[in-house]
1. Quick check: Cα centre of the range 9-87 to Cα centre of the range 90-143, how many Å?
2. Any idea what the dipole of the chain comes to, in debye rounded to 20, about its Cα centre with Lys/Arg Cβ at +1 and Asp/Glu Cβ at -1?
3. Give the aspartates and glutamates reachable from K133 as a straight Cα distance under 20 Å; neighbours fewer than 8 places away on the same chain don't count.
4. Of K80/K110; K136/K176; K29/K382; K382/K426; K330/K383; K29/K383, which pairs sit farther than 18 Å apart, going by alpha carbon to alpha carbon?
5. Please find, in a Gaussian network model of the chain (springs between Cα atoms separated by less than 10 Å), the residue of Q253, Q15, Q154 whose mean-square fluctuation is greatest.
6. Karplus couplings for the range 71-77 from phi (6.51 cos²θ - 1.76 cosθ + 1.60, θ = phi - 60°), rounded to Hz, Gly and Pro as x?
7. Between the range 176-211 and the range 253-270, what is the separation of their alpha carbon centroids in Å?
8. Summing +1 for each Lys or Arg and -1 for each Asp or Glu, what net charge is found among the other residues whose Cβ lies under 15 Å from the Cβ of P24?
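Read the figures in this text as sums done on the coordinates, not as results from a lab. In this text, all values refer to a predicted model and were calculated from it rather than measured experimentally. Note that each Cβ is placed from the backbone with ideal geometry, even for glycine, and that neighbours are counted across all protein chains shown.
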Amino acid sequence: MLYKRSSQLFAEAEQVIPGGVNSPVRAFKAVGGTPIFVKSAKGAYLYDEDGNRLIDYINSWGPMILGHAFEPVVNAVIEKAKLGTSFGMPTELETQIAALAVAMVPNIDKIRFVNSGTEACMSAIRLARGFTKRDKIIKFAGCYHGHSDSFLIQAGSGAITFGSPNSPGVTAGTAKDTLLATYNDLENVKAVIEANKNEIAAIIVEPVAGNMGCIPPVNGFLEGLRTLCTENGILLIFDEVMTGFRLAKGGVQELFDVDADIVCFGKVIGGGLPVGAFAARAEIMNYLAPLGPVYQAGTLSGNPLAMAAGLAMLQTLNEDATIFQRLEDKTAYLAAGIDKVLKANKVVFTINTIGSMISVHFDANPVVNFKSAANGDNETFKKFFHGLLQEGIYIAPSAYETWFITDALTYEDLDFTIQAIDKVSKTF
Ligand code: HOZ
């Protein structure tokens, strides 16, 4: 496949946009080559500026769980746009999507809408700090909670991809309040809490990590975090930006039957428009302005187009309980197919999967935390990525990102992908 026009467009973009992209991991720096410029997308496919059709396993990094240009979402946005695109005043739509989200997700009474997952997580820790009157937070190495200052400490996703998990520009003062722990290691978390008794406001975690590949929690990890938080007056924040409304209607809280104190959302909740949200029981949410002292605001928060898209998406997921099982079945089929061909081609690998998230790591050992994720062979990943691109398959241009399975993928698409992986892995 040729990507000539994409390369030209990238060269033009580089003149006026830093690195030619508006989010670093898109730039292909970790895999080499130049990014693909998209013209349109429908269902499971991307159509690029060179006229290629690509099967999409990124799906806008998560939101397009039902495929691109999903009609109920597109129609809802078109109809709303005709009525005005932003008011900065309350609309009934905001209450409708809030009520639906509260009904779908266990253990939350109220939800506040923002514009991105970054904003949701940033606001959640401010709320936790205000509520507990403590300053420190615990985050896990390799987890990514957006690009706000407190989280760019051993962050996953694009941050690890470029080898800069700690960003210049984050002050030492901010960094000192972020304590690091090891994902899937409760003893380590206990030790960090012990060393900072009565100082920790919150533990924030991706309850299924998706920014160092897909890493599910080991048995007892989430339950253990819940117990440690309860025993120590710490709020447990689940960053469900990737997993919310994806792994189950009620996200990881429902799937693992573990209650978080605050839950952050993004991606699916906006149906592909810029939406984030954070939610908790009333006692905590009422601590937010205008009811409480913790300030948080936004001109475009609750934007009618974004809310219309999100509502159409959540309604579909709420009404058709079979979607999540279908997604899981497709993921399991893909994983089994990849496993078979990679074994046959004597490739060293590990596949992690849960629900509609999957990642392929080029290392033989179990991938359970940042350290084990970092052991993957990036040279093999590069060959894998570019080989698949030539076959018309688009996975994330980084070994540290999960793939997202969409309901629009057919079993023919999955078979095509498995055959392509067979062909590509023969050349390793
Ligand atoms: N934060 C995203 C990866 N987990 C990247 C977003 C993007 O580049 O669009």
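1. 26
2. Numbers: 35 positive and 44 negative charges, 142 e Å.
Dipole about the Cα centre, nearest 20: 680 debye.
3. Correct list for K133: D149, D177, E194, E199, E231, D261, E283.
4. Working: K80/K110 24 Å; K136/K176 8 Å; K29/K382 11 Å; K382/K426 14 Å; K330/K383 25 Å; K29/K383 14 Å.
As for pairs spanning more than 18 Å Cα to Cα, those are K80/K110; K330/K383.
5. It is Q15.
6. Listing the rounded values in order: 4, x, 6, 4, 5, 4, 5 Hz.
7. Here the two parts' Cα centres lie 18 Å apart.
8. Values: positive: R26, K29; negative: E14, E401.
In short, 0.
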